[in-house]
Amino acid sequence: MTKKKFFVCLLMLLVPSFLVPYDFPVDTRQPLTFFGQHLFPNSETQNVPVCETGMVFSNAEIVRVSENAVNLIAIEKSNHLLSFPSVLGNAIVSQTDNGFQVIYGNLEETSLLYDKANIFRFETLGKTDINSDGTRQVLIFKIFDTTEKNKNFVNPLLFLPELADKRAPEIRALLLLSEEGQLIPISQRMTVKSGTYTLCVEAFDTIDNLDVRLSPFEIIALLNGNTIASLTFQTMAAKKGVTKMGDSVELANLYSRFPYISLGTVHLTEGTSRLSISVRDYNRNRAEQNIEINVN
């Protein structure tokens, strides 16, 4: 075997299998929510937000299999499985060979799949359920990593082909939250007192031809060239009653000042501080802001 062929074979082994795209489960690729998006406060614990653990497609009707899998379980909306992580309506839960559960929720019915041991890519699962006004419900689409090492929800965008989108995310506002609880809007060459603050940003992704605000994929903040925050909307898991984005970012802290995203602590010392914020979507469209702050 030549060195070139050997390198190609080795590369194929090293690339994670989920980087080979699944197929979209719907024909109309109109996302309504993205992974990690703040949905609403938890009614029982107001400081813990309820966030999207997959993605939701609007104007969905025909639902197709995204990836070959074992037909693991059918959930009927009339049977409440309290241990399941979300309200899914009629749903199909399938499991791929590499340990990922692919979940399709808000289906019109699941009875047609009762006797099927396996489901195959592009196969029609059925239609989304019908609302009381006769319109079709949204499709809930989630991917859960069941491997012993991880056991977390994974952003479906990591598995799907890229959406047709050339619009950059939007940075609506940057703020400093003082230790006294005051929110201070950040502007070019503003003056603030030295001290410790929480850096907050209001930012969201946008999609070509859709009037929606979606969670971004990545937010990076630099202070004087040093990284002070790096947040990627990639995985989410609840362990010991605490839900985290990735390994360390608690959702209760991340959305403690919703609609702002709290990026963490920043220490400002006397002089001129240069703050840079970069917000990126999964298609690598990027929005940036660079601001100089006078600190006294």
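The values are calculated or read from the model by the stated rules, or taken from the named source; none is laboratory data. What you are looking at is a predicted structure, and each value in this text was computed from that prediction instead of being measured. Counting neighbours? That spans all protein chains shown, and the Cβs are built from the backbone with ideal geometry, glycine included. Accessible surface is based on the protein model in full, side chains and every heavy atom, while ligands, DNA and RNA are left aside. Shrake-Rupley method; radii C 1.70, N 1.55, O 1.52, S 1.80 Å.
May I ask you to list the residues in the range 265-293 that are open to solvent by 30 Å² or more (accessible area, probe 1.4 Å), of a type outside the set (D, E, K, R) and either outside any loop (DSSP other than H, G, I, E, B) or under 18 Å from Ser187 (Cα atoms) (or both)?
Scanning the range 265-293 gives Thr265, His267, Thr269, Gly271, Thr272, Ser276, Gln289, Asn290.
Please go through the range 34-58 and pick out each residue that is at pLDDT 90 or above and either out of contact with any Asp or Glu (no Cβ under 7 Å at 6 or more places or on another chain) or closer than 28 Å to Leu112 by Cα (or both).
Answer for the range 34-58, where residues must be at pLDDT 90 or above and either out of contact with any Asp or Glu (no Cβ under 7 Å at 6 or more places or on another chain) or closer than 28 Å to Leu112 by Cα (or both): His38, Cys51, Glu52, Thr53, Gly54, Met55, Val56, Phe57, Ser58.
Is it the case that the range 230-241 has a residue that's open to solvent by 30 Å² or more (accessible area, probe 1.4 Å), at pLDDT below 95 and assigned to a strand (DSSP E or B)?
Among the residues of the range 230-241, at least one is open to solvent by 30 Å² or more (accessible area, probe 1.4 Å), at pLDDT below 95 and assigned to a strand (DSSP E or B), which makes the answer yes.
I'm trying to understand the selection: among the residues of the range 145-190, which are free of Cβ contacts under 8 Å to residues at least 60 places away in the same chain and open to solvent by 40 Å² or more (accessible area, probe 1.4 Å)?
Of everything in the range 145-190, those that are free of Cβ contacts under 8 Å to residues at least 60 places away in the same chain and open to solvent by 40 Å² or more (accessible area, probe 1.4 Å) turn out to be Thr147, Glu148, Lys149, Arg172, Glu179, Glu180, Gln182, Pro185.
Could you list, in sequence order, all residues of the range 91-109 that are on the phi > 0 side of the Ramachandran plot and open to solvent by 20 Å² or more (accessible area, probe 1.4 Å)?
The answer is Asn106, and nothing else.
Is the range 211-222 home to any residue that is within 15 Å of Phe34 (Cβ to Cβ), touching a Lys or Arg at 6+ places or on another chain (Cβ under 6 Å), surrounded by 14 or more Cβ atoms within 10 Å (Cβ to Cβ) and of a type in the set (Val, Ile, Thr)?
So far as the range 211-222 goes, no, none of its residues is within 15 Å of Phe34 (Cβ to Cβ), touching a Lys or Arg at 6+ places or on another chain (Cβ under 6 Å), surrounded by 14 or more Cβ atoms within 10 Å (Cβ to Cβ) and of a type in the set (Val, Ile, Thr).
Identify, please: which residue in the range 198-209 is open to solvent by 20 Å² or more (accessible area, probe 1.4 Å) and part of a strand (DSSP E or B) and is, among those, farthest from Asn285 (Cα to Cα)?
The selected residue is Thr198.
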